[in-house]
Amino acid sequence: MQFLILGLLMLAPMSLYDLHKQFQAGPSLFYSASFGSLQRALRQLVESGLVIAEDDPDTARRRKVHSVTAEGLSAWRSWMREPLSGANADTAMLAKVYLLGLLPAGSERDEALAVLRASAEAALRELQDLARGLDAQRIPEQYAEVFRYQRATLDYGLRSNELVLTWLRELG
């Protein structure tokens, strides 16, 4: 979530309330974030020096406005070029695509997109290998119906990954 926040703050400095509204207007389609989780993430970003929080002089309620530091921008750019991994790879991919337009057009954006495609290709190959291994096994008759539905979930994963890869190729 922290890198998604950094990307949103690159659009404009925002208060916690503004950031929450931004999440509801877009990233909430693929990432769920409560007001409290955004507050914690912002606090951590400030503590790590990736974001600064300043009093908004236009408000009497001591509202804080958050901005990305040079270190935050550098960390965000590095994250955009990191391969996807782990249980939340799909969410990270969507976050990176959502923020891709913040990278300068050309080599930096192309590199980030190439990393996303390579990650999607690797995930698809892994599922294809798994499918070949499962399909080569002889399934006892009493488990055939169970296996049919288990294999269907793998088929879903294969189709989803093929769609993601096609989508990423169409992006650039």
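Listed values, structure above:
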quantity: Residue among 78, 32 that alone is under 16 Å from the mean Cα position of the chain (by Cα), small (Gly, Ala, Ser) and not in a helix (DSSP H, G or I); calculated: 32
quantity: Residues located in the stretch 43-60, provided they are modelled with pLDDT of 95 or more and either loosely packed, with under 12 Cβ neighbours inside 10 Å or assigned to a helix (DSSP H, G or I) (or both); calculated: 43, 44, 45, 46, 47
quantity: Residue in the stretch 104-112 that is part of a helix (DSSP H, G or I), free of Cβ contacts under 8 Å to residues at least 60 places away in the same chain and closer than 16 Å to residue 167 by Cα present; calculated: yes
quantity: Residues of the stretch 125-140 satisfying the condition of being hydrophobic (A, V, I, L, M, F, W, C) and assigned to a helix (DSSP H, G or I); calculated: 127, 130, 131, 134
quantity: Test: residue in the stretch 10-22 that is aromatic (Phe, Trp, Tyr) and either in a loop (DSSP other than H, G, I, E, B) or surrounded by 13 or more Cβ atoms within 10 Å (Cβ to Cβ) (or both); calculated: no
quantity: Residue in the stretch 60-71 that is within 20 Å of residue 171 (Cβ to Cβ), in contact (Cβ under 8 Å) with a residue 60 or more places away in the chain and among the aliphatic types (A, V, I, L, M) present; calculated: no
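Every residue, every condition in (1) closer than 13 Å to residue 3 by Cβ; (2) of a type in the set (A, V, I, L, M); (3) not assigned by TED's automatic domain parsing to the domain that holds residue 30, yes or no:
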{"site": "98", "(1), (2), (3)": "yes, no, yes"}
{"site": "122", "(1), (2), (3)": "no, yes, yes"}
{"site": "146", "(1), (2), (3)": "no, yes, yes"}
{"site": "149", "(1), (2), (3)": "no, no, yes"}
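The values are calculated or read from the model by the stated rules, or taken from the named source; none is laboratory data. Everything numeric here is computed off the predicted structure, so don't read it as measured data. Backbone-built Cβ (ideal geometry, glycine too); neighbour counts: all protein chains shown.
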